[in-house]
């Protein structure tokens, strides 16, 4: 359990609905605001999907995409998978983390649990086992759903467990990720996915004492702009910073800049 006071200096960060900054190594909350208020999770949901997959599957396992993984995607972001395509778990995780690919999330869910519904139950059981008591997921991708919610504190718990999986952290720490996979009855597809994290893209600059290891960003109309980041300082100490429900990306990362000043 973390120690700290989540009620100090709230007015400094007033344009993000919920925020938390944790010193992972010393187990301290450095700053928190509305840490246990329930919020729509957007594609931050995919962090929980990734955690569940990492706990039950091997990164090298081959997955063949089924037709059920491609149902009901609507206008959700995808990488363009087709039935019969064959990728590894690692490649699907990359498509999910770099491109927010709902088709990747669904393919992983079905490969893990034989159906999306069964996977969602496993996903909720997994996050509950690490203390996420204010979270409920209804999809592996994070579709807008009033019955789906989380808190920045619970996202911290998920992120904190994820950072113990070194191969996964290595996967999401890159500026881009190249994949090569076999299309059913077709050629080998080669693609490169670029990180969507603004700090990686050079759109925003971190303080000199911090290095981004990895994270996830997401945006929807109801949930606003959200981000979950794992960082290290020059001494190698780890920090998790999460901001959820800001009006737009510019506002969110401007507020995160203020948040990072809490790290000495």
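Nothing in this text is a laboratory measurement; each read-out follows from the coordinates by a stated rule. The structure presented is a predicted model; accordingly, all values stated were derived computationally and were not measured. Don't worry about glycine lacking a Cβ; one is built from the backbone with ideal geometry, like all the others, and counts go over all protein chains shown.
The table below lists the values:
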item: Residue order, fewest to most surrounding Cβ atoms within 10 angstrom, among 138, 42; result: 138, 42
item: Potential extension, residue 211-residue 68 segment - 0.36 nm per residue separation minus Cα distance; result: 47.5 nm
item: Tilt relative to the chain, helix 45-56 - C-alpha long axis, 0 to 90 degrees, to 10; result: 60 degrees
item: Extension gain, residue 250 back to residue 233 (0.36 nm per residue minus Cα-Cα distance, nm); result: 3.7 nm
item: Whole-number percent relative contact order across segment 10-260, with pairs defined as alpha carbons under 8 Å at least 6 apart; result: 26 percent
item: Whole-number D in µm² s⁻¹ for the chain, Kirkwood Cα-pair radius fed into Stokes-Einstein, 37 °C, 0.692 mPa s; result: 178 µm²/s
item: Net lengthening on full extension, residue 169/residue 114 (0.36 nm per residue, minus Cα-Cα); result: 17.2 nm
item: FRET efficiency estimate (nearest 0.05) - Cβ-Cβ, residue 257 to residue 75, R0 35 angstrom; result: 0.65
item: Residue among 39, 172, 130 with the largest mean-square fluctuation in a Gaussian network model of the chain, springs linking Cα atoms under 10 Å; result: 130
item: Degrees, to the nearest 10: 116-129 long Cα axis against longest axis of the chain; result: 30 degrees
item: The chain: angle of helix 152-162 to the longest principal axis, Cα-based, in degrees nearest 10; result: 60 degrees
item: Inter-label distance for residue 176 and residue 56, nm, one decimal - labels placed 7 Å from Cα along Cα-to-Cβ; result: 3.4 nm
